[in-house]
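The values are calculated or read from the model by the stated rules, or taken from the named source; none is laboratory data. Just so we're clear, the structure is a prediction, and the values are computed from it rather than from any experiment. Neighbour counts are summed over all protein chains in view; Cβ atoms, including those assigned to glycine, are modelled from backbone coordinates with ideal geometry. Ligands, DNA and RNA are stripped out before the accessible areas are found, and what is left, the full protein with its side chains, is counted by its heavy atoms. Shrake-Rupley method; radii C 1.70, N 1.55, O 1.52, S 1.80 Å.
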Amino acid sequence: MVARMGILRLSHVDITVPDLDLAAAYYTGVLGLLESERTDDRIFFKCWDEEDHHSLAVRYDPRVGIDRFSFKVEDEEDLEELETKVEEYGFRVHRVSRGEEVGQGASIRFETPSGHEMELVHDVEKVGGLLGKFNPGAIPVGMQGIAPPRMDHLLINAEEVGVATRFYMDVLGFRLTEQLIGSDGHQIGTWLERSHTPHDIAVVNGPNGALHHFAYWLDDWDHVRQAADILAYNSIQIDVGPTRHGVTRGNTIYFFDPMGTRNEVFTGGYRPDPDFPTITWTEDNIGRAVFYYEGEVNERFIKVHT
Ligand SMILES: [Fe+2]
């Protein structure tokens with residue numbers, strides 16, 4: 001029997017926005033995503049190099065927030081296996097049938113110890129990337145805005161980072177690449193992966209159920225610099241950067257969409273194999289861990305979440 005892989009990667013993030021038209025204008029015109037579908041109260045977006053139906057869904061709600069995040073599993077059987085493990089851990093699993101959710105087949109949803117709704121899905125409608133699979137070009141021509149090729153990761157808040165992290169590791173099979181340890185010896189930040197990148201999800205201390213940011217991959221530093229130019233040209237509020245993380249070693253810019261959700265563009269970092277030994281940072285080095293060049297973390301970066 002071939003060993004199954006379980007979770008492959010981040011599938012999509014579902015957020016709420018108070019203004020659908022503004023969200024559409026920003027996420028297509030400035031970020032450079034493609035709109036893949038629209039319903040009465042939701043808009044679905046994908047990046048140009050993504051094959052699946054969407055990686056971001058926005059739903060109208062007067063409050064800015066997060067509905068759920070969704071990870072994709074390798075096989076249909078993984079859903080049953082992971083459903084059992086989540087139930088054994090003590091959380092009730094809600095099954096979503098085919099046809100209930102836009103752009104995807106059956107999925108399972110459950111609450112995590114950090115108070116987030118998480119979804120696992122296998123069958124997502126393939127709409128294809130812009131380059132095609134037959135003698136493809138190297139870049140899509142005529143894209144608007146930053147135009148990242150794909151979504152990369154998200155960072156969520158948790159009151160008990162250690163408990164949340166154990167859930168992602170023990171129940172869902174994530175591997176811990178890096179951790180930030182507080183002066184009391186407890187984890188205050190953790191970075192976890194399934195896709196052999198420095199992180200697919202990260203957890204930092206903060207209120208349960210909150211989203212800190214989600215991030216888009218860019219190919220290199222030159223694209224990060226270009227992204228900064230586009231953000232500044234469009235008067236988008238930059239939170240931090242362009243700079244570099246100590247954790248992940250990635251290059252980054254943090255900024256806010258016009259409704260207040262923090263976005264990131266990210267490139268670089270190392271390639272962790274499954275036997276990668278965890279890197280540990282201590283709280284007295286938190287500045288360099290988070291922002292390697294500045295050596296300090298601003299108040300807004302710690303306190304603002306949605
Ligand atoms: Fe990030």
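Would you work out the charge dipole size for the chain about its Cα centre, treating the Cβ of every Lys and Arg as +1 and the Cβ of every Asp and Glu as -1, and quote it to the nearest 20 debye?
500 debye
Heavy atoms only, 1.4 Å probe, whole protein assembly: order Asp229, Asp19, Asp52 by accessible area, highest first.
Sorted descending by solvent-accessible area, the residues read Asp229, Asp19, Asp52.
On a 1.4 Å probe surface of the protein chains, which of Met143, Met259, Met5, Met118 comes out largest in accessible area, and what is the full order?
Met5, Met143, Met259, Met118
To the nearest 10 square angstrom, how much accessible area does Ser183 have with a 1.4 angstrom probe?
Result for Ser183: roughly 110 Å² accessible.
Per residue, how much accessible surface does the chain expose to a 1.4 Å probe? Answer in Å², no decimals.
So the chain comes to 44 Å² accessible per residue, rounded to a whole number.
For the chain, rounded, prolate or oblate, judged on the Cα gyration tensor with a ≥ b ≥ c (square roots of eigenvalues), a/c < 1.5 rounded, else prolate if a/b > b/c? Spell out each step's value before the answer.
Values: a/c = 1.36, a/b = 1.02, b/c = 1.33.
Note, shape of the chain comes out rounded.
For region 110-180, run through the trypsin sites (Lys or Arg not before Pro) and keep only the ones in DSSP coil with at most 15 other Cβ atoms within 10 Å of their Cβ.
Taking region 110-180 and a limit of 15 other Cβ atoms within 10 Å, the loop trypsin sites (Lys or Arg not before Pro) found are Lys133.
Of all DSSP beta bridges located in region 150-303, what percent are antiparallel, nearest 5?
Percent antiparallel among DSSP bridges in region 150-303 is about 70.
Using 1/(1 + (r/R0)^6) with R0 = 25 angstrom and r between the beta carbons of Arg271 and Asp219, what's the FRET efficiency to the nearest 0.05? The partial results should precede the final answer.
Numbers: r = 15 Å, r/R0 = 0.60.
Taking R0 as 25 Å, the efficiency between Arg271 and Asp219 is 0.95.
In region 7-121, what percent of the accessible surface is made up of carbon and sulfur (1.4 Å probe, ligands and nucleic acids excluded)?
In region 7-121, the share of accessible area belonging to carbon and sulfur is 42 percent.
What is the spin-label model distance, in nm, from Glu283 to Leu131 if the labels are put 7 Å beyond Cα along the C-beta direction?
Between Glu283 and Leu131, the simple spin-label model gives 4.5 nm.
Considering the zone a paramagnetic label at Tyr233 would reach in this model (a point 7 Å from Cα along the Cα-to-Cβ line), which residues of region 112-146 have amide N under 17 Å from it?
Residues 140-146 qualify, since their backbone N sits under 17 Å from the label point.
So how much slack lies between Glu74 and Glu159, counting 0.36 nm per residue of separation and subtracting their Cα-Cα distance, in nm?
27.6 nm
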